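Below: the structure, in structure tokens.
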Protein chains: 2
Amino acid sequence: MKKRATAQEVAQLAGVSKWTVIRAFTPGASITEVSRAKVMAAAEQMNYRPNLLARSLATRSTRQVAVFVDDFANPYKLQLIEATTAALQAEGLVALLVNINEHLDHVHAILNADQRQVDAVVLLGTSFREETLADSRLRDGGPPLFVLARDSQLAGIPAVSCDSAVAMEDICRHLAARGFGRPGFMSGPRTLSTALGRHRHFRDHWASRGIEVAELQASPYSHAAGAAAMRAYLAANPPGARIDVLVCENDILAHGALDVLRHEAGLSVPSDMAVVGFDDAAPSALPGYDLTTYRQPVGRMVETLVDMLSGRRPHDTIVLRGELVLRSSA
Amino acid sequence: MKKRATAQEVAQLAGVSKWTVIRAFTPGASITEVSRAKVMAAAEQMNYRPNLLARSLATRSTRQVAVFVDDFANPYKLQLIEATTAALQAEGLVALLVNINEHLDHVHAILNADQRQVDAVVLLGTSFREETLADSRLRDGGPPLFVLARDSQLAGIPAVSCDSAVAMEDICRHLAARGFGRPGFMSGPRTLSTALGRHRHFRDHWASRGIEVAELQASPYSHAAGAAAMRAYLAANPPGARIDVLVCENDILAHGALDVLRHEAGLSVPSDMAVVGFDDAAPSALPGYDLTTYRQPVGRMVETLVDMLSGRRPHDTIVLRGELVLRSSA
DNA sequence: TCCTTGTTTGCACCCGGTAGCAAATGGAGC
DNA sequence: GCTCCATTTGCTACCGGGTGCAAACAAGGA
């Protein structure tokens with residue numbers, strides 16, 4: 001368990017100065033092949049590799065990005081995390097995963113990440129409140145903030161998300177073609193729901209045809225909350241007076257609703273009630289759900305985000321078009 | 001977007017030396033209340049907070065732990081990630097989430113984490129090969145390695161996991177009490193399965209009663225693989241010659257098996273075939289599965305791990321007892 | 001051969017803190 | 001007022017590399 005070798009020590013072994021060693025490890029640096037070979041041989045022998053901490057201090061860039069996640073109840077988050085970390089790593093960046101559960105203060109977490117000098121902070125569809133981001137301490141010399149997979153309603157904080165206006169248009173076009181005419185919408189926690197904009201676009205679309213949308217409210221975004229909202233709806237509305245299609249703000253709510261319809265109420269989907277989700281979370285494709293849903297373009301979203309982080313693209317809010325995934329539930 | 005303030009600058013404003021500023025931010029340091037107040041006022045005004053990068057360089061401790069994850073197909077990973085990050089953060093540590101997909105070299109990833117001077121590396125039930133960990137470059141001055149939620153068969157690399165011998169004993173006792181007598185076991189990829197030890201203990205248990213266990217092999221650990229293995233089994237074995245209970249190496253395989261039994265083969269669970277999983281992943285509790293499974297003591301596992309990381313406990317391999325969760329599938 | 005030009009190499013200083021020692025300060029006891 | 005001892009404060013050296021400039025060196029042209 002011996003100490004790590006430093007550039008200085010390698011230099012001594014190779015018979016050069018430490019700066020030559022550093023140059024040997026700096027792509028594109030001015031150094032002869034002979035010197036580089038000498039250095040590399042010595043480095044190999046001493047098992048040397050540059051200390052990125054020291055480099056970060058000197059270059060003022062850690063190539064670390066803090067990724068904030070608060071909602072672990074939704075398996076879709078795992079897909080987002082995977083895509084995000086993969087995209088970051090492909091760019092030579094690494095993700096600092098920060099767990100923002102309800103007990104922790106978001107501002108505190110951001111400040112802490114800031115102290116670690118991360119190059120950026122990515123909010124992964126988290127339930128933070130907009131106001132916390134407006135905190136002056138954050139807007140002053142701190143790392144740039146980005147929001148992924150939901151809107152940022154705050155100027156100066158770019159968001160990369162799925163275009164919910166187009167998504168709802170696609171969904172409604174499909175529902176109309178299938179002849180559905182008594183729509184319902186299950187939304188999540190009020191503030192977060194607003195940030196997604198899905199509810200609003202859906203409602204507006206039907207309103208333009210003079211049809212009112214029944215409202216089901218679930219909170220938080222979890223299977224249990226979706227199930228509870230559906231139970232409440234079924235209890236309050238007799239069979240003849242029910243909606244014929246329910247669009248849910250995301251798949252996890254739809255799963256809860258579906259399980260109540262099928263396993264508790266003994267209703268059949270889509271004939272008694274059709275269900276549509278949003279996200280195309282992995283379980284939606286399984287035979288147990290077979291949920292018609294809207295797939296977010298996760299790959300392109302994280303690529304766009306990384307392009308912004310890397311400076312290849314201006315820091316602007318971007319919405320990308322997703323894709324309707326037709327299955328048996330609607 | 002002005003530059004971050006440094007201790008030196010705060011010192012100037014407060015009319016003290018930079019070391020006094022640092023002392024004001026060091027708990028338990030020797031400093032008068034008067035000085036501390038002066039420093040704090042100046043720091044507040046300049047929005048100063050210590051640069052942890054510089055601190056890490058000087059103290060040789062980053063309080064960062066690399067967490068390696070390779071298998072994102074299993075939603076249970078999300079629960080493990082949440083528990084791990086929460087426990088680390090409670091200790092003032094932060095997780096560097098490293099995505100080790102099959103395209104990336106594990107050794108390379110560990111060396112990269114090493115360059116970032118992480119205090120430790122935690123392998124989160126990943127499908128790494130034991131040999132890669134034996135690489136000499138890793139065992140030499142690098143950060144300590146830990147394995148979570150699976151065995152480490154390598155001396156010097158401690159693991160914290162669920163006691164699979166006891167687990168299988170608990171499961172088999174339950175199955176015997178329910179009168180099951182024709183057992184099957186669905187294991188995952190061979191090398192990883194070995195690392196879990198579940199298959200072996202299950203087989204040994206029945207062997208001691210003179211009963212042979214039917215073997216179903218699924219690879220990788222995914223819903224689709226579990227489903228495929230079940231399809232193959234049903235195709236190869238006519239109804240009269242089938243097992244009456246299947247124990248799966250983890251829940252995700254059990255979910256696949258269950259979906260095929262119920263939705264494709266039209267069989268009923270547990271009367272035609274009972275199914276037992278392992279992990280108690282979130283979906284197992286849902287009505288769509290209602291899977292009898294074995295819950296790993298995740299909370300105690302991560303606490304134990306963090307105790308080791310913090311030096312409150314020797315770096316030893318530890319197995320903890322989990323708990324059988326009875327549901328309708330068995 | 002000498003001078004010019006371009007490339008390598010070495011150097012002082014810097015990134016923003018920490019450690020440990022030495023000097024300065026302050027209060028108690030005489 | 002003075003000494004003594006305990007705090008408090010300042011300082012040097014250092015963590016391990018990076019930057020920009022100057023010196024050293026090599027190659028090409030006259």
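The values are calculated or read from the model by the stated rules, or taken from the named source; none is laboratory data. Because the structure is a prediction, the values reported are computed rather than measured. Every residue, glycine as well, gets a Cβ built from its backbone with ideal geometry; the counts of neighbours run over all protein chains shown. To get the accessible areas, we keep the full protein, side chains included, count just its heavy atoms, and leave off ligands, DNA and RNA. Shrake-Rupley method; radii C 1.70, N 1.55, O 1.52, S 1.80 Å.
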Top-ranked residue in the stretch A:51-71 [being open to solvent by 20 Å² or more (accessible area, probe 1.4 Å) and in a loop (DSSP other than H, G, I, E, B); ranked as farthest from A:Phe146 (Cα to Cα)] | A:Asn51
State whether the residues of the stretch A:270-277 include one that is within 20 Å of A:Arg190 (Cα to Cα) and of a type in the set (A, V, I, L, M, F, W, C).
-> yes
Report, by residue number, each residue of the stretch B:130-157 that is more than 14 Å from chain A (Cβ to nearest Cβ) and either open to solvent by 10 Å² or more (accessible area, probe 1.4 Å) or free of Cβ contacts under 8 Å to residues at least 12 places away in the same chain (or both).
-> B:Glu130, B:Glu131, B:Thr132, B:Ala134, B:Ala149, B:Arg150, B:Asp151, B:Ser152, B:Gln153, B:Leu154, B:Ala155
Pick from B:Asp307, B:Asp280: which is among the acidic types (Asp, Glu) and buried (at least 21 other Cβ atoms within 10 Å of the Cβ)?
-> B:Asp280
Could you please tell me which pairs satisfy a Cβ distance under 6 Å, a separation of 6+ or placement on different chains, a first residue in the stretch A:19-41 that is within 14 Å of another protein chain (Cβ to nearest Cβ) and free of Cβ contacts under 8 Å to residues at least 60 places away in the same chain, and a second residue that is more than 8 Å from DNA strand C (Cβ to nearest atom) and assigned to a loop (DSSP other than H, G, I, E, B)?
-> A:Phe25/A:Pro50
Within the bounds of the stretch B:32-50, is there any residue that is under 19 Å from A:Leu97 (Cα atoms) and in a helix (DSSP H, G or I)?
-> no
Identify the residue in the stretch B:106-120 that is open to solvent by less than 10 Å² (accessible area, probe 1.4 Å) and within 17 Å of A:Ala90 (Cα to Cα) and, among all such residues, is nearest to the other protein chains (Cβ to nearest Cβ).
-> B:Ala113
Would you confirm whether any residue within the stretch A:188-207 is open to solvent by 20 Å² or more (accessible area, probe 1.4 Å), over 26 Å from A:Ala87 (Cβ atoms), away from chain B (no Cβ under 14 Å) and polar (S, T, N, Q)?
-> yes
Which listed residue is touching a residue at least 12 places away in the same chain (Cβ under 8 Å), surrounded by 16 or more Cβ atoms within 10 Å (Cβ to Cβ) and more than 16 Å from DNA strand C (Cβ to nearest atom), from B:Leu88, B:Leu13 = B:Leu88
Can you name the residue in the stretch B:24-36 that is open to solvent by 40 Å² or more (accessible area, probe 1.4 Å) and more than 6 Å from DNA strand D (Cβ to nearest atom) and, of all such residues, is modelled with the lowest pLDDT?
-> B:Gly28
Residues satisfying the stated conditions in the stretch A:37-50, i.e. open to solvent by 60 Å² or more (accessible area, probe 1.4 Å) and near DNA strand C (Cβ under 10 Å from one of its atoms) = A:Lys38
Restricted to the stretch B:91-105 and to residues being in a loop (DSSP other than H, G, I, E, B) and crowded, with 19+ Cβ neighbours inside 10 Å, the residue farthest from the other protein chains (Cβ to nearest Cβ) is B:Leu93
